[in-house]
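Comments concern the structure below.
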Amino acid sequence: MGRFTLLCVWQAWAVETGKYQEGVDEPDPAKWKANLRCALNKSREFQLKYDGTKETPLQPYKIYEVCEHPGVTDGAEEEEEEMPNLMELSINPPIGEPGFSDPPLLLDLPMTSDLQLQAQMVEQRSFVQPGGLPNGLQDMNPLTSTQPEPGQMEASPMEAVQNQRDSQNQQTCKYDLLSSVPLTDLDLKFQYRGRTVGSETVSNPQGCRLYYGHLEPTPDQVDLFGPVSLQQVRFPGTSEIQNQKQRFYTDALLDVMDRGLILEILNQDIYAIRLCQCKVFWSGPGLPEPGPPNPIEREKRIKVFSLNDFLQGLILYQKGEAPNPPPFEVYFCFGEDWPDKKPKERKLIIVQVVPVVARILTEMFSGEMSWSTDSIRLQISNPDVKDQTVEQFKELQRLLQSQNIQGPWAP
């Protein structure tokens, strides 16, 4: 179904439900689409048959089918609230900073394993923050800095925001923009002098510890190896490195990574804590490019990714006020200055960290499924006469199938 046809369907539903009057209201395809999807999810006459948002790679569409025997629900259906467009949402500003006074719409993302992005109308700017899940990483007392520095503990844009309302008359309409996508997932990629030697997805909502060796954390050694609740991610070995000099220096760095580097997730922001003897440098969003080497001081917590800042940048991009989507990749360089004049492909050990939620949002709102973090240059020969013949047969086959014509080879 073409984009124009989809717009007509969304608009027709908006007109039918009285949400849009042509010539009076401003066209808002995103809101039309959200309202139609909410109605489909709520209807007893339709059921979800295929959810592409749960596939890998993600497919940005869903398929519904008509129910032969619609179910019966108890009680009268309540009118659901309209879904706000992402461009209209206001993200919580950091505590103590002015601005962001309108409109009073806030994102509500509960911390669950299968998250649904819930958007709801908020009449007042006052809000209540729930307790949320306990974060085991906040108990790292032996570290020099156990809490983010002042100004870094701002209200997260993803903390639940609730409005005092009559529960009998209103019902939250769940926005399935990020259906079943955990906010805290991280994609890790390990590169040794530009060659990818391993990758892993971290699904622990508290974060992970990157290390090398065989020393596992224990409850009584939190000061040495961090909390036991973290996902333990081991660096790949060097057995596949052909260059002996490269292998020698890489092994020398890995040998002093027993304690590791902690990536802590707090309120959907990412913090790094260097425990290992090996020096670690990093680059990422908010840092100048190019810039001087940026080391991580040992046993100090630093913020390397802010979801609040990313969402603000994405909103500006959607409004046309920024030329490009905000960056979200974070790079850690072990044992060598970074950034510097050398490209990361010449560094002994580089770890790329990608917040999955940022990548998916960028792909969705840039209008295409982006391959920016894993570009692939396809190698295909120019077609010869035989290739052209095969293509013609393929085209004829497609025509036969579209016209439901049975070929002589059909049973």
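Where does each of 232-245, 15-28, 187-200 land if you order them by average Cβ count within 10 Å, highest first? Mind dumping the intermediate values first?
Values: 232-245: 14.1, 15-28: 11.4, 187-200: 16.4.
Ranking the peptides 232-245, 15-28, 187-200 by packing returns 187-200, 232-245, 15-28.
Which distance in nm do the two modelled labels at residue 366 and residue 399 give, with both placed 7 Å along the Cα-to-Cβ direction?
In this crude spin-label approximation the distance works out to 3.9 nm.
For the pair residue 255 and residue 390, how long in nm is the line joining their label points, each one 7 Å along Cα→Cβ?
Here the answer is 5.2 nm between the modelled labels.
For the pairs 319/347; 33/189; 303/341, note any where the Cα-Cα span goes beyond 26 Å.
Listed pairs above 26 Å: 319/347; 33/189.
Any number yet on Rg/Rh for the stretch 186-365, C-alpha, Kirkwood?
Reported Rg/Rh, Kirkwood definition of Rh: 0.97.
Between residue 298 and residue 321, what FRET efficiency follows from the Cβ-Cβ distance if R0 is 51 Å, with the result rounded to 0.05?
So the FRET efficiency works out to roughly 0.80.
Which lysines, on any chain, are close to residue 300 with Cα under 22 Å apart, when same-chain ones fewer than 8 places away are left out?
279
Would you work out if the stretch 176-261 is rounded, prolate or oblate? Take a ≥ b ≥ c from the square roots of the eigenvalues of the alpha-carbon gyration tensor; rounded if a/c is under 1.5, else prolate when a/b is larger than b/c, oblate otherwise. If you can, show how the numbers build up before the last one.
Values: a/c = 3.78, a/b = 1.33, b/c = 2.85.
Oblate, since a/c reaches 1.5 and b/c is not below a/b.
Wrap a convex hull around the Cα atoms of the stretch 234-341, take a quarter of its surface area, and give that in square nanometres.
Answer in nm², one decimal: 8.5.
State, to one decimal in nm, how far the label point of residue 220 lies from the label point of residue 201, with both points 7 Å from Cα in the Cβ direction.
3.8 nm
Ordered by residue, what ³J(HN,Hα) values in Hz, to whole numbers, does the stretch 230-241 give under the Karplus form 6.51 cos²θ - 1.76 cosθ + 1.60, where θ = phi - 60° and Gly and Pro are x?
With coefficients 6.51, -1.76 and 1.60, one gets 6, 6, 8, 10, 9, 4, x, x, 10, 4, 8, 6 Hz.
Throughout, read-outs are computed from the coordinates displayed, never taken from laboratory work. Everything numeric here is computed off the predicted structure, so don't read it as measured data. Neighbour counts are summed over all protein chains in view; Cβ atoms, including those assigned to glycine, are modelled from backbone coordinates with ideal geometry.
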